Amino acid sequence: MWVETDTDNIITVPDEAIYKIGQIDYVKVLENEKIQTKLVQLGEDNRIRKGLKDGDLVILNPLNHQQQVLK
């Protein structure tokens, strides 16, 4: 899923893109044909405060995807 800002320059991502380790939120993105982990800071309604930029390619269901790659 491509990350795009809305008319108010706010980036949001669906729940399926976010996973937590403890209290920290992460997403997986595809960069240079490799899967990278990005630490993100979320606001309300999954608004990204820090960690992603317009045009990033976010992987949905990242933990399921990672398990498939490892098989």
- prompt: What is the distance, in nm, between label points placed 7 Å from the Cα along the Cα-to-Cβ direction at GLU44 and at GLN23?
  reply: 2.0 nm
Integer Hz, Karplus 6.51/-1.76/1.60 couplings in order for the range 39-53, x for Gly and Pro: 6, 10, 10, 9, x, 6, 6, 6, 6, 7, 8, 8, x, 10, 9
- line: Listing ILE18, ILE24, ILE48 by rising number of other beta-carbon atoms within 10 angstrom, fewest first, gives ILE24, ILE18, ILE48
- request: Scan around ASP25 for amide H atoms under 5 Å from its own, H built in the peptide plane at 1.01 Å from N, and keep only partners 5 or more places away or cross-chain.
  value: VAL40
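Taken together, the values in this text are just the output of simple stated rules run on the coordinates, not laboratory data. These figures come from a predicted structure and were not determined experimentally. When we count neighbours, we look across all protein chains shown, and the Cβ atoms used for this are built from the backbone with ideal geometry, even at glycine.
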